[in-house]
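One structure, pasted below without further comment.
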Amino acid sequence: MDYGSSLHGLLRAEAGLAWTAYVEHAFVRGLEDGTLPRASFLHYLQQDYVYLIHYTRAWALAAAKSTDIDEMREFAGAALALIDGEMQLHIETCEAVGISKVALAATREEPENLAYTRFVMDAGQRGDLLELLAALIPCALGYGEIGARLMAATEGKRENRPYKDWIETYGGEDYQGFAQSAASRFQQVAERTLGTDFKASPRWQRVSDTFTTACRLETAFWSMGLRGEMHPDFCV
């Protein structure tokens, strides 16, 4: 996806290495070439399932914060798509290796998961719709960028790759459409809130900081997944 001088493009540029570290993480490279240890992937998937519960709540909160019917429909639709789409991938993958849906839902959150999900929800509770979207968008668009890149990189050789389903979920038409739509809505909300000269707004730095912090938390989430085991302080 090419965002050029769009809001997302400007925020990515300001995030700099924080964005690069997120979308080019070793965990992502392992998904692409199939070298990611299965234990790491399953650990990530269990944590991500719990993350998606909060992420769904955040999109529902976005619908509640909007007064535009089309936006409300889109944000509520995003929440429903998470429940019926992404979360089902997690359930099916884990059930295939003996991790039941009940066990998945009972996953104890790692510190990195707690930090990220509560950051997003706090942004939504204390700020307006724009600030909430600034915290949500790095996940939505980063996964879109990663999915598209991995789809292209593995074209013609995905069939025997262990993470084929993950790549095709985030690189597929449905998710790519969601990412494009989310970027457009983010742009519209920002123009309505800040005006078209984003950087001239006194709120720009706060929006940029929120976006960059979310990128850093995404990177920490990948690293947590790569660790492949519960943090010792969080083990029973």
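Just so it is clear, none of the values below were taken in a lab; they were calculated from the coordinates. Here the structure is a predicted model, which is why all the values come from computation and not from measurement. When we count neighbours, we look across all protein chains shown, and the Cβ atoms used for this are built from the backbone with ideal geometry, even at glycine.
Per DSSP H run of n ≥ 4, the term is -39500 (n - 2.57); total these for the chain, divide by its residue number, and report the mean residue ellipticity at 222 nm rounded to 500 deg cm²/dmol. Display every interim value, and only then the final one.
Working: 12 runs with 174 residues, N = 236.
-24000 deg cm²/dmol, from helical runs alone.
Okay, next question. Taking the Cα centre of region 142-236 as origin and charging only Cβ (+1 Lys, Arg; -1 Asp, Glu), how large is the dipole, in debye to the nearest 20?
Details: 12 positive and 13 negative charges, 55 e Å.
My answer is approximately 260 debye.
Any chance you could run the full-extension gain for His54 through Asp128? It's 0.36 nm times the residue separation minus the Cα-Cα distance, nm to one decimal. Kindly include the intermediate steps, with their values, before the conclusion.
On the way: separation 74, 0.36 × 74 = 26.64 nm, distance 1.77 nm.
Length gained, His54 through Asp128: 24.9 nm.
State to the nearest 20 debye the size of the charge dipole of the chain about its Cα centre, where the only charges are +1 on K and R beta carbons and -1 on D and E beta carbons. Mind dumping the intermediate values first?
Working: 22 positive and 33 negative charges, 76 e Å.
For this selection, approximately 360 debye.
A further question follows. Placing unit charges on C-beta atoms (Lys and Arg positive, Asp and Glu negative, everything else neutral), compute the dipole magnitude of region 86-193 about its Cα centre in debye, rounded to 20.
Numbers: 11 positive and 17 negative charges, 17 e Å.
It comes to approximately 80 debye.
Now for a different question. When the convex hull of the C-alpha atoms of region 7-228 is computed, what volume per residue in Å³ does it have?
Working: hull volume 25.1 nm³, N = 222.
Once divided by residue count, the hull of region 7-228 is 113 Å³.
Shifting gears a bit: Between helix 38-65 and the chain, what is the angle of the helix's C-alpha long axis to the longest principal axis, kept within 0 to 90° and rounded to the nearest 10?
In the chain, helix 38-65 runs at an angle near 30 degrees to the longest axis.
Let a ≥ b ≥ c be the square roots of the eigenvalues of the Cα gyration tensor of region 94-158; is it rounded (a/c under 1.5), or, if not, prolate (a/b larger than b/c) or oblate?
Working: a/c = 3.28, a/b = 1.19, b/c = 2.76.
Oblate, since a/c reaches 1.5 and b/c is not below a/b.
Under 28 Å from the Cα of Lys101, which lysines turn up, not counting those fewer than eight places away in the same chain?
Hits, sequence-local ones excluded: Lys164.
Follow-up. Multiplying the sequence separation of Asp174 and Lys101 by 0.36 nm and subtracting their Cα-Cα distance, what value in nm do you get?
On the way: separation 73, 0.36 × 73 = 26.28 nm, distance 2.41 nm.
Computed gain between Asp174 and Lys101 is 23.9 nm.
Further question: For Lys199, give me every one of the lysines with a C-alpha distance below 27 angstrom, ignoring sequence neighbours fewer than eight places off in its own chain.
Within the straight-line cut-off, Lys199 pairs with Lys65.
Same structure again: Remind me, relative contact order of region 1-104 in percent, using alpha carbon pairs under 8 angstrom and six or more residues apart?
Values: 50 pairs, mean separation 21.0, N = 104.
Reported relative contact order: 20 percent.
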